[in-house]
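Notes follow the structure.
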Amino acid sequence: MTNINSVTGSVDSSELGPTLTHEHLRVRTVEVATQFPHLYNRIEELQLAKEQVLAARNDGIQTLCDPTVMGQDRDITFIREVSESTGMTIIAATGMYTCRDLPEPLRNKSIDYIAELFIRDIEVGIQNTEIKAGFIKCATDVQGVTPDVEKIIRAAARAHKRTGVPIMTHTHAASRNGLDQLDLLEDEGVSARAVIIGHSGDTRDMAYLSQLLNRQAYLGIDRFGLSVGIINQERPDLLLKLIQSGYHKQLLVSQDYCGSIDWWEREEVRSFAPDWSMTHLTHDVLPYIIDQGVAPDILSGIMVNNVREWFEYAANDTY
Ligand SMILES: [Zn+2]
């Protein structure tokens with residue numbers, strides 16, 4: 001029993017149901033969107049997000065975690081509107097998607113100053129609303145742990161220890177930098193069981209994944225539909241291998257789908273990721289895994305119990 005902040009109010013951890021832990025309703029580039037707004041259409045973006053979320057809901061998904069944060073133009077009223085109109089429980093994040101340098105206003109600020117920003121999102125509300133964040137996101141990419149990235153990870157750790165809200169990361173799996181993240185988080189007193197090392201499915205490096213698992217972290221196998229790090233067709237077998245190796249209690253699955261994203265034209269996305277959607281898992285991947293002999297209750301354990309336990313464990317991992 002843990003109270004979790006969703007964008008429409010508090011939900012109990014027992015009420016989450018089948019959950020996709022890493023989907024974006026919309027990703028935009030704030031500098032471009034504010035200066036050249038004619039390139040964007042909010043009504044269309046809302047429509048695209050609602051269509052995907054409704055399709056996932058029709059497939060039995062009850063909850064989405066949306067890790068869109070600073071660096072991806074998070075708009076909390078957009079997220080709430082999609083949740084209200086679709087009936088999907090959506091849990092929004094605080095944190096930063098910053099892979100190298102903090103923006104100028106934050107560069108000379110302390111770790112605790114940044115932690116307070118996250119805590120405000122969790123305890124008071126996001127963007128001057130009363131909508132509260134339910135988890136904390138931080139990122140490490142090819143640049144590795146730069147001084148600013150270290151600051152953000154330590155700030156995420158301190159905000160977690162103060163609030164009991166769990167942590168989800170973005171990694172560049174080929175650089176094995178989930179291990180660096182765990183080093184920093186543990187140095188701040190965070191239990192690895194409160195942490196999802198995101199994008200861990202982007203590698204076939206089982207030695208790396210075993211190290212993360214043996215340290216008790218959760219792995220986000222969260223880019224079904226995309227060829228990043230490995231080709232998309234390899235992903236179901238990676239999931240199968242991890243389940244067959246007995247790690248099913250530490251896995252979370254998702255698609256990192258973006259209802260819309262301004263990095264590419266939509267036709268480009270369709271050509272490089274034709275299977276990518278918020279229902280690729282439920283339509284294609286999970287039936288394949290069951291066909292390979294995995295019991296359905298293992299999969300519901302991954303999609304329901306693991307998510308619940310991530311939140312519940314984190315809630316007790318406080319100062
Ligand atoms: Zn993402």
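The values are calculated or read from the model by the stated rules, or taken from the named source; none is laboratory data. Since this is a predicted model, take the numbers as computed values, not measurements. All Cβ positions, even for glycine, are placed from backbone atoms using ideal geometry, and neighbour counts span all protein chains on display. Protein only, heavy atoms only, side chains kept; ligands, DNA and RNA dropped before computing areas. Shrake-Rupley method; radii C 1.70, N 1.55, O 1.52, S 1.80 Å.
Over the residues of the chain, compute the C-alpha Rg and express it relative to 2.2 N^0.38 Å.
It is 0.92.
Skip the ligands, DNA and RNA, and give the accessible area per residue of segment 3-313 with a 1.4 Å probe, whole Å².
On a per-residue basis, segment 3-313 sits at 40 Å².
For segment 1-57 and segment 87-140, what is the centre-to-centre distance using only Cα atoms, to the nearest Å?
Computed from Cα coordinates, the inter-centre distance equals 16 Å.
What do you get for GluC sites (Glu not before Pro) in segment 204-281 restricted to DSSP loop and a cutoff of at most 11 other Cβ within 10 Å of the site's Cβ?
Passing both the DSSP loop test and the Cβ count: Glu265.
Which of the GluC sites (Glu not before Pro) across segment 64-133 are loop residues per DSSP, with 15 or fewer other Cβ within 10 Å?
The qualifying sites are Glu130.
DSSP beta bridges in the chain, what fraction antiparallel, as a percent rounded to 5? Mind dumping the intermediate values first?
Working: 5 of 28 bridges.
Counting only bridges with both partners in the chain, antiparallel ones make up about 20 percent.
With an 8 Å cut-off on Cα pairs and a minimum separation of 6 or more residues, tell me the relative contact order of segment 210-319 in percent.
Working: 87 pairs, mean separation 35.1, N = 110.
Dividing the mean separation by the residue count of segment 210-319 yields 32 percent.
Viscosity 1.002 mPa s, temperature 20 °C: give me the Stokes-Einstein translational D for segment 219-271 in µm²/s, with Rh taken as the Kirkwood radius over C-alpha pairs.
It comes out at roughly 173 µm²/s.
Could you work out [θ]222 nm for the chain from helices alone, using -39500 (n - 2.57) per DSSP H run of at least four and dividing by all its residues? Round to the nearest 500 deg cm²/dmol.
Numbers: 13 runs with 125 residues, N = 319.
Helix contribution divided over all residues of the chain: -11500 deg cm²/dmol.
Sort the following peptides by mean Cβ neighbour count (other Cβ atoms within 10 Å, averaged over residues), highest first: 207-216, 97-106. Provide the component values of the computation, followed by the final result.
Numbers: 207-216: 16.9, 97-106: 15.0.
Packing order, densest peptide first, comes out as 207-216, 97-106.
Write down the Å³ per residue value for the convex hull defined by the alpha carbon atoms of segment 1-131.
Numbers: hull volume 15.6 nm³, N = 131.
Enclosed volume per residue, from the Cα hull, is 119 Å³.
Leaving out ligands, DNA and RNA, and with a 1.4 Å probe, what % of the accessible surface on the chain is carbon or sulfur?
So the carbon and sulfur contribution to the accessible surface is 47 percent.
Mind listing which chymotrypsin sites (Phe, Trp or Tyr not before Pro) in segment 235-275 are in a DSSP loop and have 14 or fewer other Cβ atoms within 10 Å?
Within segment 235-275, the qualifying chymotrypsin sites (Phe, Trp or Tyr not before Pro) (loop, at most 14 other Cβ atoms within 10 Å) are Trp263, Trp264.
Any idea how many Lys pairs in the chain come in under 22 angstrom at the alpha carbon, given 8 or more places apart or on separate chains?
10
Computed over the Cα atoms, what is the radius of gyration of segment 56-150 divided by 2.2 N^0.38 Å, N being its residue count?
My calculation over the Cα atoms of segment 56-150 gives 1.19.
Roughly what would the spin-label model give for Glu84 and Asp205, points 7 Å off Cα along C-beta, in nm?
Modelled inter-label distance: 4.5 nm.
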